[in-house]
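Each remark here refers to the structure printed beneath this line.
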Amino acid sequence: MALFFRGLLSLLIVLAIITTVLFVDFVYKTFSLRQRDVHTDAIVVLAGGRGRVEEGVKLFRERKGDYLFLIGVDPVVKKGELFHEQPGEHLAGRVFLENVSTNTLENALYGRELLAGKDIRSLRLITSRYHMKRATLIFRQVLPKDVAIYPHPVDSKNLKEEWWSHGGSFRLLFSEFYKYCLFRFFFLFASGELRPGAGG
């Protein structure tokens, strides 16, 4: 019996070490993400976090993308409240809202429907930094393989670079790490099912 418990303890220690290494790697890559100065066919904003929509609108006005898609918008919000067309702009016709999705996977699936038919071959994906790795993973699995995705993280006050000494940041990052791992496991079995035209 003692041998069994020693073996179990050793296994738990190994799992804890592996989890720690993977978590630290996740955090390092999260903070290493950089915004790229690139023009894309579309700018896709996952609404819900502070500063995301504002960043997307600013880049769209700077002509960094041909279309602006605001995904996961509150159903009571109208387009005019998020994008105020300026005199002589003529850009509102290229701005689209999606207000049905309630989570990141639905964001990607409903967002894909909006992108369809517009010959989108590249997109800039805007969301909060802590959420970027999971969002990129999900959009990469749901969208056609030939669509290039450029992550564009937006920093927020609730995520500190000194995450190890800030309880809120640690919990936020570990929660995202946990969800990211779940989706990695989920897509081992479901990625083919979720791609456009799968099963047909």
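Quick note: the coordinates plus some simple rules give every number you see, no bench work behind them. Bear in mind that the values here come from a model prediction, so they are computed numbers and not experimental data. Every residue, glycine among them, receives a Cβ derived from its backbone with ideal geometry; neighbour counts consider all protein chains shown.
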Next item on the list: Calculate, in nm to one decimal, what Val77 and Arg61 gain on full extension: separation in residues at 0.36 nm each, minus their alpha carbon distance.
Entry: 3.7 nm
Notebook entry, point to check: For Val100, what is the net charge nearby, where nearby means another residue's Cβ is under 12 Å from its Cβ and Lys, Arg count +1, Asp, Glu -1?
Noted result: -4
Margin query: Once you place label points 7 Å from the Cα toward the Cβ at Leu33 and Thr20, how far apart are they in nm?
Written below: 2.6
Next item on the list: Could you calculate the contour length gain from Ser156 to Leu91, that is, 0.36 nm times the residue separation minus the distance between their Cα atoms, to one decimal place in nm?
Entry: 20.6 nm
Notebook entry, point to check: For the chain, what is the convex hull (Cα atoms) projected area averaged across all directions, in square nanometres?
Noted result: 14.8
Notebook entry, point to check: Can you sort Glu81, Glu162 so the residue with the fewest Cβ neighbours within 10 Å comes first?
Noted result: Glu162, Glu81
Check: In whole Å, what is the distance between the alpha-carbon centres of the range 119-170 and the range 10-50?
Finding: 7
Next item on the list: Using a 10 angstrom cutoff on alpha carbons, build the Gaussian network for the chain and name the most mobile of Phe96, Phe186, Phe83.
Entry: Phe186
Note to self: Quick check: pseudo-label points 7 Å beyond the Cα along Cα→Cβ at Ile149 and Phe186, how many nm apart are they?
What the structure shows: 1.3
Checklist line | Per-residue [θ]222 nm for the chain (sum of -39500 (n - 2.57) over DSSP H runs n ≥ 4, rounded to 500) | finding: -16500 deg cm²/dmol
Margin query: If I build a Gaussian network model for the chain, linking alpha-carbon pairs within less than 10 angstrom, which residue out of Val24, Val154, Val45 has the largest mean-square fluctuation?
Written below: Val24
Note to self: Take His84 and Asp119, extend 7 Å from each Cα along the Cα→Cβ direction, and tell me the distance between the two endpoints in nm.
What the structure shows: 3.4
Check: Near Lys29, which lysines are there with a Cα under 25 Å away, not counting those fewer than 8 places off in the same chain?
Finding: Lys64, Lys133, Lys145, Lys157, Lys160, Lys179
Checklist line | Residue among Gln141, Gln86, Gln35 with the largest mean-square fluctuation in a Gaussian network model of the chain, springs linking Cα atoms under 10 Å | finding: Gln86
Notebook entry, point to check: What is the local net charge at Tyr150, summed over the other residues whose Cβ is closer than 9 Å to its Cβ (Lys, Arg +1; Asp, Glu -1)?
Noted result: +2
